[in-house]
């Protein structure tokens, strides 16, 4: 294995003119271009052809997370606008699904825009939820490294926090779009199969799928399974250090059902194609979660960013054994679902344990997501991205897609 600590991020840079970044999605999800790389073959397709390009015995893994309207705007009496960007729940629970069902007060970890204009005191905002006027208040509880703990309270108290966000929050578009969210983003910056609230960024590889394409996959006998990884704001954080040793991956919450674990176990030896880097990081994290339990390093489901590069793997510990261990652990604890956290970094030199291909969009220069692509297809990422730039592909979240089958 090459030493990932020494990888220079400048080697994962490429020229991306602003006019190649898709500012809005296409009118039809399934009509985006598809860069198709299979073995040494590279060509341009249309995304609606994807059911014909997935191997017949393949399994697609989707991320069911749903983007929340995480940006709240407050106006101070001085006229200054303060933006509070909700990242993750802290109190009374850190479970996303439970957090949205809470009544006041609640505490969330947040980013604060224009924070220097908000030294102290309470911010207030009037919102309307299902025709009911609601007074929303925000107070700083503590300052963290790069973020804040913010306490929210509101009246009437029987309103749920999810209703507050739905009524007054805005979709958190990626910063590189350089525009405010519009009404259509509520639908288009969301996959058609999104189910569980919790992300502040869409798993964008899934944005190209339509109900019709999902139906075609079923008709062709291609298996599909769903996992959850709630995407954090750190997904947009570029690597600013010279080598990736100094880059800190953010923690993201994942959930994988026992049914999915059993399906992955049955699929060993056949193609497993994650839809998006989030799905890939979720299923690859499973091996390392199991290994840490096997080695007695933890009794919870958690992966640190350097675990694959530092942990000693017993010679007889296979991916099949890892999945079996996780299934047994769930059964012993009467659980139907594994809930954990991952900071997994997939970089060149990484040995894939489950994923054999990938559906993904085009990623920012010098990003950990580009490192992940390179880990899968090697130096061919340069050829693929050069091809895309020369053939008018659209880049980033609302851009075109790739199917990599190395």
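Table for the structure above
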read-out	value
Helical mean residue ellipticity (222 nm; -39500 (n - 2.57) per DSSP H run of 4+; nearest 500) of the chain	-6500 deg cm²/dmol
Three-way shape label, segment 71-169, alpha-carbon gyration tensor, a/c 1.5	oblate
Degrees between helix 380-390 axis and first principal axis of the chain (Cα, 0 to 90, nearest 10)	60 degrees
Degrees separating the helix 258-267 axis from the principal Cα axis of the chain, which is the longest one	20 degrees
The chain: relative contact order as a whole-number percent, Cα under 8 Å and 6+ apart	24 percent
Listed values (i) 46, 25, 18; (ii) 34, 26, 22; (iii) 36, 22, 20, entry calculated as semi-axes √(5λ) of the Cα gyration tensor in Å	(ii)
Ascending count of other beta-carbon atoms within 10 Å, so fewest first, for 287, 317	317, 287
Separation of alpha-carbon centers, segment 25-63 and segment 201-239, rounded to whole Å	12 Å
Cα-projected label distance for residue 46 with residue 103, points at 7 Å along beta-carbon direction, nm	5.3 nm
Three-way shape call for segment 262-341 based on the alpha-carbon gyration tensor, with the a/c threshold at 1.5	rounded
For segment 93-136 and segment 325-376, distance of Cα centres in Å	32 Å
Segment residue 167-residue 195, length gained on full extension (0.36 nm per residue, minus Cα span)	8.2 nm
Global form of segment 1-71, assessed from the alpha-carbon gyration tensor, a/c cut-off 1.5	rounded
Packing rank of 195-204, 36-45, where each peptide gets the mean count of other beta carbons within 10 Å, highest leading	195-204, 36-45
Inter-part distance where segment 388-406 and segment 247-271 are each reduced to a Cα centre, Å	25 Å
FRET efficiency, 1/(1 + (r/R0)^6) with R0 51 Å, evaluated for residue 93 and residue 312 via beta carbons	0.90
Two-site FRET efficiency, residue 30 against residue 245, from Cβ-Cβ distance with R₀ of 35 Å, rounded to 0.05	0.30
Cα long-axis angle, helix 368-377 against the chain (0 to 90 degrees, to the nearest 10)	10 degrees
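Every number in this text was worked out from the coordinates using simple rules, so none of it is lab data. Every value quoted in this text rests on a predicted model; they were computed, and no experiment measured them. Here the Cβ is made from the backbone with ideal geometry for all residues, glycine too, and neighbour counts use every protein chain on show.
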